[in-house]
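One structure is given here, and the rest of the page talks about it.
The values are calculated or read from the model by the stated rules, or taken from the named source; none is laboratory data. This structure is a prediction, so every number in the text was calculated from the model and none was measured. Quick reminder, even Gly has a Cβ in these numbers, built from the backbone with ideal geometry, and neighbours come from all protein chains shown. For the accessible areas, the whole protein counts, side chains as well, though only heavy atoms, and no ligand, DNA or RNA atoms are used. Shrake-Rupley method; radii C 1.70, N 1.55, O 1.52, S 1.80 Å.
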Amino acid sequence: MRMEYKNFKEIPIYPKRDLSYDFLGLHWENPFILAAAPSTDDLDMVRRAFKAGWSGAILKTTSIEGTRVDLCYPMMSTFDHDGRRLFGMGNIDLISEHHIDVVERNVRTLKQEFPEKVVGASIMAGRKDDWQRLVERLENAGVDLIECSFSCPQGNIGEDPGKMLAQSLSATELTARWVKEAARRVPVSIKITPHVTDIVEVARAVKRSGCDALTASNSIQALMGIDIRTFTPYPSLGGKSTYSGMTGPAIKPITLRTIAEIARNVDIPILGTGGASTWSDAVEFMSVGAGVVQFCTAVMHHGFRIIDDLTSGMGHYLEEMEFRSPREIVGKALPHIGSHDDLPRRTIRSKIDRRLCIGCDQCVVACRDGGHMAIDARPDRIPVVNDDRCVGCGLCQHVCPVDNCIRMEEIAIQ
Amino acid sequence: MPPSLSHQQARIEAERCLFCFDAPCVKACPTHIRIPMFIAMIRSGNVKGSAELVRTSNALAMTCGTVCPEEIFCQSVCTRGKQDQPIQIREKHQYATTHGESSKRKPALPPRTGKRVAVIGGGPSGLGCAFELAKFGYRVDVYEEKKPGGVPRNSIPSYRLNDKQLEMDTKLLSSFFTIKRGPVSARTFDKVRASHDAAVLAIGLGEDRTLGVKGEDVKGVYPVLEFLERAKSSPRTMKIGKRVVVVGGGNVSLDAAATAKRLGAERVTLIYRRGEREMRVWKSELEEARRQGVEVRFLTNPVAFLGTKRVEGVKCRETILGKKKDRSGRPIPVEVKGSDFVLEAEMVIIAVGQTIRADWLGELKRRASGYLVVDERFRTSMANVYAVGDVIAGEGTIVQSVAHGKHAAQAIHHQLSERP
Ligand SMILES: Cc1cc2nc3c(=O)[nH]c(=O)nc-3n(C[C@H](O)[C@H](O)[C@H](O)COP(=O)(O)OP(=O)(O)OC[C@H]3O[C@@H](n4cnc5c(N)ncnc54)[C@H](O)[C@@H]3O)c2cc1C
Ligand SMILES: Cc1cc2nc3c(=O)[nH]c(=O)nc-3n(C[C@H](O)[C@H](O)[C@H](O)COP(=O)(O)O)c2cc1C
Ligand code: SF4
């Protein structure tokens, strides 16, 4: 017999862990904020996100009144992999259709309603005056942080269409200087692109400009796929298509490398963005140098509710690691990254755990045709590694579908 | 007991979950565990967070994780089931409670309000209620005749739920209220009421129904609860007949039949007066009993138990299903004349339902079925006395009883805090 009391409300009983810390001169309730994207383009959506527990948001990139934002639809596409949706997500979105007048109003309202949250705003312009006007108006509205989009992959408001601002060192430094000049009160972060020959040079240019931080990095330019019967790539707009900005889990390793490379070479605070979906992704981003982590695709897929797992997971992780604050994670992985020359040369061999092996023999074929022909199939389907042929490349370990079944073990050199 | 999920199985299963929004499973679980979220937590590797989420909603998380009939609740509406197979939700929350329980992080309760509530009965509904009351800062006394745990402790066979699993729940709960051992009786009931701001009846159903058939009092004929309780508390000294007949047709009769088989009976026959389609059992239970070798004879009615000193057999009569239906909507079986036969047996177990066991509830209003009447706030007809669980619902489930307890606790809280 189902019976419910109509005023029932679930009461949380497990104490929430304090995840707050300071970064960029700002106080963050936790390291999780919303990236500049559709989720931050609407006042009600940001309100809901803040209530759900996000510590801040970068409002979607805005511009001076009158700037033309010529959107076309559909703008989204997806890179599905092995039956999984949104492994990568593509968009041909542009900056916000809301100009600075709307955004300054939103900033004001949000700061009034949520003084403890970090309200950032993203801007983009062409002329010096416009960049500086945007900064001034946002500062007056009470913004906490300004992010400059130097990396919108879908065109740019500027002289060199198709090229991103952050792809030119001189333009980056010059524009960043204009912005920093105008910002009297709040920190400025430059959102860069990984599509450059040397990310470190870009980071140095930003550093020279005097700006406070980098947002690294944006989406990856991609052609999301092609309909092989009509030969139209995705997304298809009446038979035509264009390159998309790809985001989501698929780009995480690229972002990790970008952040790590900057952090190893330039002393500048970093806001991480590009491919984070879980609390452990955030830990990884922070461990290579990000001070906070921005989320976009994961929220567009599953909603603001993912913050519950982000904060809970981070809390338990800190406890397990005996860290007092998320700050302690920042940079933890950097000392472990070096050049190829610095790596130790060891003699290792593949070891298959007979008790765990389920006999799919995928390692056999992978090694036979892609490794060193070092794994022999057996009638009982439990393969055996030939130590004389195995060089320890590790391929088999990564094709094995069973947790911990294949390990690489060091062997004594005879 | 099906084996628990391994880490990898749990992860693969979590990856199948669609993470539905406003998910139907959450509504279908009487305790409204936030299922997609706790599964997402397993997927992200936050098993401790997952366990906390499950525990927050369901005081008997481990017990339900082991024996909750998910196929009639959460799993029956799983969206993924429309694509291929529904998610193994119960197995997943058993996984979360097994691997995610942390000794470091205990639920934090508010300061005491100074008010006291008595919960009579420490079964699923009583424990669920006491825990929820503690969340509001009440001092709660749980009066329990036996060890806390109710039917799951005393009667559910240990091959389905063992004491260790149940104790994972009761141990965590025990610090939030006081257990007072001993039965509440007509005399003590008034005292208990007088010394508390409210009292909750959570005494379940302790009395076996009888068939009213000749020979029911012969030695060797057991009421089912008595049989299961003895089988669980002292399986070694329990003497099992070679041939056992179980009279029933519900889940409880299946538990009894499978238990008899496990304890060494050579031949166990379950007789049921209707057909398989009319049997109100959880599929998993019937399968388990059959797997253990229990024979089920449908369309069979007992007419007498034979034997003088000890039971020697059951005289049965075949039935057919008539056109007329009873209150439950199932056809009424009609006995077939001249179809009598005898099933020889050294032991007979009668499992035809339970009723309330308490002679001190005389003043309380009851429904025609005998269970207590409550209003939408779980209030009985007696002032400041509430009731939850099987005592209002009849034979129910653990999760539903826990949910009753939770909801009643909040109704009680609102009532008590409205007072000047
Ligand atoms: C054999 C069997 C198997 C079952 N299997 C399942 C299953 O697998 N899954 C499932 O979900 N449900 C199952 N159920 C149903 C489920 O156990 C019950 O619905 C549930 O236990 C009811 O909870 P309750 O708190 O209302 O009552 P109970 O569990 O009956 O608890 C009542 C408690 O009150 C105590 N008590 C009674 N009178 C007094 C008194 N005067 N003073 C002090 N204490 C008193 C009793 O000792 C007992 O501990 C099963 C039931 C049975 C009988
Ligand atoms: C539909 C869409 C619109 C976006 N719009 C902006 C934008 O206006 N300005 C900006 O700086 N970044 C924009 N981004 C990029 C995101 O802020 C973010 O950096 C990127 O999606 C990578 O992070 P993720 O993998 O967490 O999604 C947009 C991304 C998407 C998917
Ligand atoms: S308690 Fe039962 S209904 Fe609720 S989630 Fe667990 S198995 Fe499903």
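For segment A:300-318, the candidate set comprises residues that are closer than 12 Å to residue A:54 by Cα and either open to solvent by 10 Å² or more (accessible area, probe 1.4 Å) or in contact with a Leu (Cβ under 6 Å, 6 or more places away or on another chain) (or both); within that set, the residue that is farthest from the other protein chains (Cβ to nearest Cβ) is A:304. The one condition from (1) surrounded by fewer than 18 Cβ atoms within 10 Å (Cβ to Cβ); (2) in contact with a Gly (Cβ under 8 Å, 6 or more places away or on another chain) that residue A:20 does not meet is (2). All of A:176, A:141 fail the test of being away from every other protein chain (no Cβ under 14 Å) and either touching a Cys at 6+ places or on another chain (Cβ under 7 Å) or within 16 Å of ligand 2 (Cβ to nearest atom) (or both), apart from A:176. Does segment B:295-302 contain at least one residue that is out of contact with any helix residue (DSSP H, G or I) (no Cβ under 9 Å at 6 or more places or on another chain), part of a strand (DSSP E or B) and within 16 Å of ligand 1 (Cβ to nearest atom)? No, every residue in segment B:295-302 fails to be out of contact with any helix residue (DSSP H, G or I) (no Cβ under 9 Å at 6 or more places or on another chain), part of a strand (DSSP E or B) and within 16 Å of ligand 1 (Cβ to nearest atom).
Taken residue by residue, segment B:124-137 has at least one member that is of a type in the set (Gly, Ala, Ser), out of contact with any Pro (no Cβ under 7 Å at 6 or more places or on another chain) and more than 14 Å from chain A (Cβ to nearest Cβ).
May I ask you to list the residues in segment B:68-109 that are open to solvent by less than 60 Å² (accessible area, probe 1.4 Å), β-branched (Val, Ile, Thr) and under 21 Å from residue B:280 (Cα atoms)? Within segment B:68-109, just B:77 meets the criteria. For segment A:392-407, a residue qualifies if it is part of a strand (DSSP E or B) and open to solvent by less than 50 Å² (accessible area, probe 1.4 Å), and exactly one does: A:406.
Okay, residues lined up against (1) in contact with an Asp or Glu (Cβ under 7 Å, 6 or more places away or on another chain); (2) away from ligand 2 (no atom under 16 Å from the Cβ); (3) away from chain A (no Cβ under 12 Å):
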position	(1), (2), (3)
B:52	no, yes, no
B:55	no, yes, no
B:70	no, yes, yes
B:81	no, yes, yes
B:84	no, yes, no
B:88	yes, yes, yes
B:97	no, yes, yes
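Suppose the filter is within 14 Å of chain A (Cβ to nearest Cβ) and open to solvent by 20 Å² or more (accessible area, probe 1.4 Å); does residue B:340 pass it? Taking the combined requirement at face value, the residue does not satisfy it.
Can you confirm whether residue A:190 is free of Cβ contacts under 8 Å to residues at least 60 places away in the same chain, over 24 Å from residue A:79 (Cβ atoms) and open to solvent by less than 10 Å² (accessible area, probe 1.4 Å)?
Considered against the rule, which asks whether it is free of Cβ contacts under 8 Å to residues at least 60 places away in the same chain, over 24 Å from residue A:79 (Cβ atoms) and open to solvent by less than 10 Å² (accessible area, probe 1.4 Å), residue A:190 comes out as yes.
Can you find a residue that is free of Cβ contacts under 8 Å to residues at least 12 places away in the same chain and away from ligand 3 (no atom under 16 Å from the Cβ) anywhere in segment A:260-281? No: zero hits. State yes or no: is residue A:42 within 14 Å of chain B (Cβ to nearest Cβ) and at pLDDT 95 or above? Answer is no for this residue.
Every listed requirement among (1) in contact with a Phe, Trp or Tyr (Cβ under 9 Å, 6 or more places away or on another chain); (2) facing chain A (nearest Cβ under 9 Å) is met by residue B:34 save one, (1). Going through (1) out of contact with any Lys or Arg (no Cβ under 6 Å at 6 or more places or on another chain); (2) away from ligand 1 (no atom under 16 Å from the Cβ); (3) of a type outside the set (Asp, Glu); (4) open to solvent by 50 Å² or more (accessible area, probe 1.4 Å) one by one, residue B:116 falls short only on (1).
Could you run through segment B:252-284 and say how many residues are touching a residue at least 60 places away in the same chain (Cβ under 8 Å) and in a helix (DSSP H, G or I)? Residues meeting the conditions: 11.
Consider segment B:134-184 and keep the residues that are hydroxyl-bearing (Ser, Thr, Tyr), at pLDDT below 95 and in a loop (DSSP other than H, G, I, E, B). The one that is surrounded by the most Cβ atoms within 10 Å (Cβ to Cβ) is B:158.
With a cut-off of at least 1 residues that are out of contact with any helix residue (DSSP H, G or I) (no Cβ under 9 Å at 6 or more places or on another chain), name the helices (runs of 4 or more DSSP H) lying wholly within segment A:232-317. Helices (runs of 4 or more DSSP H) meeting the threshold: A:252-265, A:297-302. Here A:237, A:223, A:214, A:174 are screened, and the one residue that is closer than 27 Å to residue A:134 by Cα and either open to solvent by 40 Å² or more (accessible area, probe 1.4 Å) or of a type in the set (Asp, Glu) (or both) is A:174. Of all residues assigned to segment B:47-54, none qualifies as being in a helix (DSSP H, G or I), touching a Cys at 6+ places or on another chain (Cβ under 8 Å) and surrounded by 20 or more Cβ atoms within 10 Å (Cβ to Cβ). Being aliphatic (A, V, I, L, M) and under 14 Å from residue A:397 (Cβ atoms) is the filter; apply it to segment A:336-385 and report the residue that is most open to solvent (accessible area, probe 1.4 Å). Looking at residues that are aliphatic (A, V, I, L, M) and under 14 Å from residue A:397 (Cβ atoms), I get A:356. Residues that are without any contact (Cβ under 8 Å) to a residue 60 or more places away in the chain, within 25 Å of residue B:171 (Cβ to Cβ) and surrounded by 24 or more Cβ atoms within 10 Å (Cβ to Cβ) within segment B:19-46 comprise B:35, B:38, B:41, B:42, B:46, listed in sequence order. Residue pairs whose Cβ atoms lie under 8 Å apart, separated by 6 or more positions or on different chains, with the first residue in segment B:394-406 and closer than 22 Å to residue B:369 by Cα and the second acidic (Asp, Glu) and more than 6 Å from ligand 1 (Cβ to nearest atom), are B:403/A:4; B:405/B:132.
How many of the residues in segment A:1-60 are more than 16 Å from ligand 3 (Cβ to nearest atom) and in a loop (DSSP other than H, G, I, E, B)?
Looking only at that region, the number is 27.
Listed by first and then second residue, the pairs with beta-carbon distance under 6 Å, at least 6 apart or on different chains, first residue in segment B:364-379 and more than 10 Å from chain A (Cβ to nearest Cβ), second surrounded by fewer than 11 Cβ atoms within 10 Å (Cβ to Cβ) and at pLDDT below 95, form an empty list. Of all the residues in segment B:103-137, those that are in contact with a His (Cβ under 6 Å, 6 or more places away or on another chain) and β-branched (Val, Ile, Thr) number 1.
Scanning segment A:247-256 for residues that are in contact with a Pro (Cβ under 9 Å, 6 or more places away or on another chain) and near ligand 2 (Cβ under 9 Å from one of its atoms) returns A:251, A:255. Among the residues of segment A:85-142, those identified as among the acidic types (Asp, Glu) and in a helix (DSSP H, G or I) are A:101, A:104, A:113, A:129, A:130, A:136, A:139.
Within segment A:368-408, if we keep just the residues that are touching a Pro at 6+ places or on another chain (Cβ under 8 Å) and not small (Gly, Ala, Ser), the residue that is nearest to residue B:11 (Cα to Cα) turns out to be A:375.
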